[in-house]
């Protein structure tokens, strides 16, 4: 039997603002946040990350997997497909680890 992991899944709508100093669009907040817990295998996590339901660039989906380091979230990226890993450090900075290999 394939090992299952406890996961926390958070879906939120992103709020945007145009950067006054450039043509960039900045994420200024999140609203309508929903979080739920589940038990998933790596195969299910991989299928979940490839779901077109989360492909819109105004939705953020974060997944915290049992056993991940403190502060680490895997964010489903509509641009790369799959998860991007990022660690939210205690000093307020974020370390990006690139595309995560699930499964």
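The values are calculated or read from the model by the stated rules, or taken from the named source; none is laboratory data. The shown structure was predicted, so the numbers you read here are calculated from the model rather than taken from an experiment. We place every Cβ from the backbone using ideal geometry, glycine too, and count neighbours over all the protein chains shown.
Computed values, structure above
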quantity: Residues of the stretch 30-58 satisfying the condition of being in contact with a strand residue (DSSP E or B) (Cβ under 7 Å, 6 or more places away or on another chain) and farther than 19 Å from residue 72 by Cα; calculated: 31, 32, 54, 58
quantity: Neighbours by Cβ (under 8 Å, 6+ apart or cross-chain): first from the stretch 65-88, at positive phi and in a strand (DSSP E or B); second modelled with pLDDT under 80 and surrounded by fewer than 15 Cβ atoms within 10 Å (Cβ to Cβ); calculated: none
quantity: The stretch 19-29, subset surrounded by 11 or more Cβ atoms within 10 Å (Cβ to Cβ) and either touching a residue at least 60 places away in the same chain (Cβ under 8 Å) or farther than 16 Å from residue 75 by Cβ (or both), residue farthest from the chain's Cα centre (by Cα); calculated: 25
quantity: Selection status of residue 65, touching a helix residue (DSSP H, G or I) at 6+ places or on another chain (Cβ under 9 Å), more than 17 Å from residue 14 (Cβ to Cβ), modelled with pLDDT of 80 or more and surrounded by 15 or more Cβ atoms within 10 Å (Cβ to Cβ); calculated: yes
quantity: Condition met for residue 92 (over 19 Å from residue 34 (Cβ atoms) and at pLDDT 75 or above); calculated: no
